[in-house]
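First comes the structure, then the notes that go with it.
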Amino acid sequence: MKLYSFEKSEQMLELAKQVFPGGVQASRFQLIYGSSPVYITKGKGSHCWDVDGNEFIDFILSFGPIILGYAYPKVNQAVKRQLEEGVLLTFNPPLQNQLLKKLIEIIPCAEMATLHKTGSEATSASIRIARAFTGKNKVAMCGYHGWHDWCVRGGGTTTVPWERPPIEKTSQVPGVPPSIKQDIYEYDANDLTSLERILVENKDEIAAVIIAPEEIVLSPLKQTLQEIKQMTHQHEVVLIFDEIKTGFRISLGGVQEYLGVIPDLTTVSKGMANGFPIAAVVGKKEIMEAFTKTAISGTFNPETIAIIAALTTIEELETFQGPQHFWSLGEKLITGLNNLAENMKIEAEATGWPLAPMPFLRFKYEDLKLREAIRRDFFTRVIRKGILLHPAHNWFISLSHTEKDVEHTLTTCEEALTVAKQAHVKK
């Protein structure tokens, strides 16, 4: 199999720069300049095809939303039926109540729920609800919680938590007034002394602590979440789990169900509706009722297509034990990659980010130039051989992925590791 080329993608990108600032949506940039696709024409199951006609096994899955697989028949059929009944109705569709009840049933902390359209909207709504409930303004956050003013981080910072610069080195984002950040404090989830310091120095002023479980990679996940919960409750602070990525994937009820560490509020979105835009905030009744005291709205929040897609997606995940499938293939991929690295004497480690259903391979050479060269060559060859693995973001597995997909991926990775090692590691 020859290496893929991406001439049409690159031509389209140059044309797009004339009409779209930068040419692409923020996260949809070319992963490796000149060596990865920019435009995808269709997807089916675990595979997708680009404008150059190249076929890929996709472990990026639109950064997480495609949890069942592309063009999943049962979801598409439900959506087509709902199209005939209306997409956006003047008042509330009964489907909304069905979905909210389902979320309350499956997510441990959920006693009430609200619907939104994106993960950024959901995290922002959760913060506003926590502030309205507590009457306090300050918030402690960790990592990425969306692009809204209160939480957006400075440009140029890597998404890989193992390589992220110290918090104090993140830059101000142009267009965001510095004053907005005056009540926002960042802590390091892998060093909870930073959170303890924030809580002590701002005693009785912190409304909420928000944590995305995938930020915890250098310390035990369950123990760290338990410690965060203990600290927040000791200081009477609302604890929010940002399960935008981990919800419906680590288990149906997210990391909190899998580990038994229950927060006060939770946000979910990506795995909720197999690519249709929807999100939710769920949590304890006494806190969620503060929703009625503040101002949170959205014309498109009760849109029926995404709601029926979510109901159908959750039903399929329940019927076919989706999380168990993600764990099985994730562990197979992680074990296979670690065996390759060990046998080939390559300084690399495959791990869950934070757990097996969200795998990742990181290179661990101390020489930064060598590490980057091997990483670039590895991911370049893997992508040009038809496997979409992100070099700086956790990967995802769908219900449509098969053991054959994983086996083919491991074979391709072995070849790519061999080529990268021969090019850069001295014998």
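FYI, it's all coordinate maths here, none of it is from the lab. It should be emphasised that the depicted structure is a prediction, and the values quoted were computed from it without experimental measurement. We place every Cβ from the backbone using ideal geometry, glycine too, and count neighbours over all the protein chains shown.
Do any of 101/136; 136/285; 44/80; 136/293; 17/181; 136/222 go past 24 Å between their Cα atoms, and which? The pairs that break the limit, which is 24 Å between Cα atoms, are 101/136; 17/181; 136/222.
Express the relative contact order of the range 88-302 as a whole percentage, based on alpha carbon pairs under 8 Å and six or more residues apart in sequence. List each step's numbers first, then the result.
Details: 384 pairs, mean separation 68.3, N = 215.
After rounding, I find 32 percent.
Helix 119-134 axis versus longest C-alpha principal axis of the chain: approximately 30°, rounded to the nearest ten. Toward the positive end of the charge dipole of the chain, with +1 on the Cβ of Lys and Arg and -1 on the Cβ of Asp and Glu, the farthest Cα among 373, 328, 212 is that of 373. With contacts taken as Cα pairs under 8 Å and at least 6 residues apart, the range 6-150 reaches a relative contact order of 12 percent. For the range 50-58, putting each phi into the Karplus relation 6.51 cos²θ - 1.76 cosθ + 1.60 with θ = phi - 60° gives couplings of 9, 5, 8, x, 6, 9, 10, 7, 9 Hz, in residue order, rounded to whole numbers and with x for Gly and Pro. A simple spin-label model places pseudo-atoms 7 Å from Cα toward Cβ; at residue 364 and residue 344 they are separated by 1.6 nm.
Per 0.36 nm of contour for each residue apart, how much would the distance between residue 203 and residue 77 grow if the chain were fully extended, relative to their Cα-Cα spacing?
Length difference between fully extended and current span is 40.1 nm.
Can you pull a Stokes-Einstein diffusion coefficient for the range 206-278 at 25 °C (0.890 mPa s), Rh from Kirkwood over Cα pairs, as a whole number of µm²/s? Rounded, D is 195 µm²/s.
Taking only the alpha carbons of the chain, we obtain Rg and Dmax values of 21.7, 70 Å in that order.
For the range 244-346, divide the Cα radius of gyration by the Kirkwood radius and give the resulting Rg/Rh value with two decimals.
That ratio equals 1.11.
For the chain, the longest principal axis of the C-alpha atoms and the axis of helix 403-424 are separated by about 60°. List the lysines whose alpha-carbon lies under 30 Å from that of residue 421, not counting same-chain residues fewer than 8 positions away? In chain and number order, the partners are 2, 332, 345, 364, 369, 385, 404. For the pair residue 418 and residue 222, what calculated FRET efficiency results from E = 1/(1 + (r/R0)^6), where r is the Cβ-Cβ distance and R0 = 41 Å, to the nearest 0.05? E between residue 222 and residue 418, to the nearest 0.05, is 0.65.
Given contacts defined as C-alpha pairs under 8 Å and at least six residues apart, what's the relative contact order of the chain, whole-number percent? Relative contact order for the chain comes out at 22 percent.
Mean residue ellipticity, 222 nm, helices only, the chain: the sum of -39500 (n - 2.57) across DSSP H runs of n ≥ 4, divided by residue count and rounded to 500, is -12000 deg cm²/dmol. Computing Rg and the Kirkwood Rh from the Cα coordinates of the range 88-302 gives a ratio, Rg/Rh, of 0.95.
Report the gain in length on full extension from residue 19 to residue 300: 0.36 nm times residue separation, minus Cα-Cα distance, nm rounded to one decimal.
98.5 nm is the gain from fully extending residue 19 to residue 300.
The range 169-214 and the range 328-380 have Cα centres spaced 31 Å apart.
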